[in-house]
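Written out below as structure tokens is the structure these notes cover.
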Amino acid sequence: MKFKPRATRITIIIVLLVMAVVGYYAFLTGRAKTSKAEASMTAIEAALSRNLDRDYPPTPKEVMKYYNDIIKCYYNEECSDDDIEALGLKARGLYDEKLLEANEMGGYLINLKDEVKGYRESKRKITNAAVASSTNVDFYDRDGYSFARLLCTYNVNENGKSETQRIVYLLRKDTDKHWKIYGWDFEANVDLNGDGIPGD
């Protein structure tokens, strides 16, 4: 028995449509599983999942947003020593080479663990961390380098009492055109009218 050409074409079209529907359903199911897995990540897992080699924050503001995510993990989450070390390494990935030189790895991690322990013992938490808007980033050049200066505001709660800390961060663009944290200081100690560096 011979198939008619028209019947063969209709059969092929139906098979292709069924395959497309099944493929689309599988795609949607896979996406839903991925979204569910991402939604169930803890703040620490989310902070550690970022690959800075492939996905470095593109602007000073984005660098500080990610840095603040790391800070909130230190002080607000239940971090093991391994978590603190892993988060500390992520933070160091945002630091300028000069800041890295001033903070040797071993000493940096010891100081970080002590600081986190002090926060826990005094029951301090960062309830909010806000980065200045992009329009409030102060860009300037000095000694052949591009700098960006911006303000971050932290609300810190200790034993039911809240205080606000305002810290000015200075970032310097490196040879890969990545903005790296060069230094920081409390706003009261920084001359915001000049091009000074926090700590100068």
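Values quoted throughout were computed directly from the atomic coordinates according to the rules given, and no laboratory measurement underlies them. Because the structure is predicted, anything quoted here is derived from the model rather than measured. Virtual Cβ from ideal backbone geometry, glycine too; neighbours counted across all protein chains shown.
Which order do the peptides 57-66, 139-148 take when ranked by the mean count of other beta-carbon atoms within 10 Å per residue, highest first?
By packing density, highest mean first, the sequence is 57-66, 139-148.
Can you tell me the convex hull volume per residue for the stretch 76-193, based on C-alpha atoms, in Å³ to the nearest whole number?
Roughly 129 Å³ of hull volume per residue.
Taking the Cβ of Ile71 as the centre, find all other residues whose Cβ is under 14 Å away and add up their charges (Lys, Arg: +1; Asp, Glu: -1).
+2
Go through Lys61/Lys173; Lys117/Lys161; Lys123/Lys180 and tell me which ones have a Cα-Cα distance over 24 Å in this structure.
Over 24 Å Cα-Cα: Lys123/Lys180.
Once you've got the GNM for the chain with C-alpha springs shorter than 10 Å, pick whichever of Lys90, Lys113, Lys123 has the biggest mean-square fluctuation.
Lys123
If one takes the longest principal axis of the Cα atoms in the chain, at what angle in degrees, from 0 to 90 and to the nearest 10, does the Cα axis of helix 105-121 lie?
90 degrees
Of Val18, Val131, Val156, which is the most mobile in a GNM of the chain whose springs link Cα atoms less than 10 angstrom apart?
Most flexible of the set in this elastic network: Val18.
Using the per-residue mean of other Cβ atoms lying within 10 Å as a proxy for protection, in what order, highest first, do the peptides 93-100, 79-86 fall?
Most protected by this proxy first, the peptides run 93-100, 79-86.
Given the options Arg166, Arg149, Arg54, which has the most mean-square fluctuation in a GNM of the chain, springs set between C-alpha atoms less than 10 angstrom apart?
Arg54
Measure nothing fancy, just the Cα-based angle from helix 60-76's long axis to the longest principal axis of the chain, in degrees from 0 to 90, nearest 10.
80 degrees
Can you compute the charge dipole magnitude of the stretch 9-153 about its Cα centre, using +1 on each Lys and Arg Cβ and -1 on each Asp and Glu Cβ, nothing else charged? Give it in debye, rounded to the nearest 20.
Around 820 debye, computed over the stretch 9-153.
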